[in-house]
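Some notes on the structure that comes next.
Rule-based calculations on the coordinates, nothing more; no lab input. Everything numeric in this text was worked out from a predicted model, so none of it was measured. Note: ideal-geometry Cβ built from the backbone for every residue, glycine included; neighbour counts use all protein chains shown.
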Amino acid sequence: MPFVALFAAVLLFGIADSMIHSYLVLFGADVVGLTPLQIGVWASVLAVGGITIGWWLGRLFDRRPARTYAMVVILAGSAGYLLLPWVSSFLLLLLLAATVLGAMGAVFPQLFALARAVLGEGAAGQRSAPLLRSGWSLAWAVGPLLGALVLSRGGYPWLMWTAAGVYVAAALILSAVPRPGPVAGTSSAPGRTPVLLTVSVTLFFTAMFAGGVALPLFVTRALHQPPASVGVLFSVCAAVEVVATLGLIVVPDRVSQRALILGGFGSFVCLYALTAVSSTMLMLVVGQVFRGVGIAIVGAAGIRYFQDLLAPATGRATTLFANASTAGLLVSGILSGVAVEHVGYRATFCLCGVAAALGAVAFTLGSRRRPDRRAPAPVGPERQPAGSA
């Protein structure tokens, strides 16, 4: 089945991605000897490379849908990670970040665009985003633990090589996905970029990433909890995220997607309001429930909303959403560092809540007068899932 292959590819790619990115900063600091400033520059170049290449591939996908784009990028990135343990030059690290390693950021939107193109605009295509997003969430619950095991046994070289092997497996599985057919024309053009909606997604992920930076420091330094407690909190969030994402599949079509996404923003406001006043681990655990629900709703329903809004430009829509989240990552690192240093942890959480609330306002304004496509569109002859390759 095409969906099974897509789900397996997303799961394996997510496992490899989480194995790498959970420890990439430590690799740069402990092995290469980068300064905090150099690590920040390296991370920024990685993000910019992903945004740039992802935008180009998204446009290319809309003109000629193909699974080849994701496969080539994954294989090129795998080669980059095979070489990474021997790289000690900062300039060479930047070059890799801007090209093959940064390009890996384009794979996520390509996989979701491919699912929509292969499965069509019917119920299967409409539900592919939350189902695949649950696989991505599951991967991030497993990958860091697997990475820690490999790192403890073989060090950073084996971590990179193992992740590269998992990446290659994901690329090979994609070869079992049917070739997508040509995108059907439509009487209504996708239209210009929905600026306010894009800003809303960026604000949401800025709040998410900034809070993710401040939380471990708050738990260990302000509440004096052991470092392992941070893992517990993130595991709770990941588990809730998987369940909540799967729950989106059974939400009735009559429920407004717009209202659902606004609920995700509201969940983040509740998260940071609770975290800002937390004094015990129990309160923080409850906060992570709100975090998991918010990420699940905005991360999965948001992709579907963008795809419906910009249809038939599936590649452009999915890439726009993914790049907005990456932009949030770029902004959050600087803002969270400055906020924690100058106003403290609790005030930083309050600022994250404000960012989520502003994101909700931007989404409300940006989604006015736009069609709320709740019921799945019928699958016409032009949009039937393509046959096997």
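In plain terms, the chain is cut at each of the trypsin sites (Lys or Arg not before Pro) found in a DSSP loop with at most 14 other Cβ atoms within 10 Å, and the longest leftover piece is 1-191. For SER22, the amide hydrogen comes within under 5 Å of no other amide hydrogen, counting only partners 5 or more places away or on other chains and with H modelled in the peptide plane.
Relative to its residue count, the chain spans a Cα convex hull of 124 Å³ per residue. Of all the options VAL250, VAL118, VAL293, the one that moves most in a Gaussian network model of the chain with Cα springs shorter than 10 angstrom is VAL250.
Using C-alpha pairs below 8 Å separated by at least 6 residues, the relative contact order for the chain is 28 percent.
Going through the DSSP H helices of the chain, which span 15 Å or more along their own axis at the Cα atoms while scoring at least 1.0 as a mean Kyte-Doolittle hydropathy?
Details: long enough: 2-21 (28 Å, 1.84); 36-63 (41 Å, 0.85); 68-83 (23 Å, 1.67); 107-119 (18 Å, 1.63); 123-174 (45 Å, 0.89); 195-217 (34 Å, 2.01); 228-247 (29 Å, 1.93); 257-276 (29 Å, 1.27); 281-296 (22 Å, 1.76); 314-343 (42 Å, 0.89); 345-366 (31 Å, 1.49).
Counting only whole DSSP H runs, the qualifying helices are 2-21, 68-83, 107-119, 195-217, 228-247, 257-276, 281-296, 345-366.
In this structure, the amide hydrogen of ARG179, modeled 1.01 Å from its nitrogen in the peptide plane, lies closer than 5 angstrom to those of ALA389, counting only residues at least 5 positions away or on a different chain.
Of the residues ALA47, LEU60, GLY28, the one whose Cα sits farthest towards the positive end of the charge dipole of the chain is LEU60 (charges of +1 on Lys and Arg Cβ, -1 on Asp and Glu Cβ, taken about the Cα centre). Relative to its residue count, the stretch 195-366 spans a Cα convex hull of 104 Å³ per residue. What the pair-distance distribution of the stretch 41-161 shows, using all Cα-Cα distances binned every 10 Å from zero, is 13, 33, 36, 15, 3 percent.
Would you work out the charge dipole size for the stretch 2-174 about its Cα centre, treating the Cβ of every Lys and Arg as +1 and the Cβ of every Asp and Glu as -1, and quote it to the nearest 20 debye? Write out the running numbers ahead of the final one.
Numbers: 8 positive and 4 negative charges, 77 e Å.
It works out to roughly 380 debye.
Before rounding to the nearest 500, sum -39500 (n - 2.57) across all DSSP H runs of length at least 4 in the chain and divide by the residue total; then give [θ] at 222 nm in deg cm²/dmol.
-25000 deg cm²/dmol
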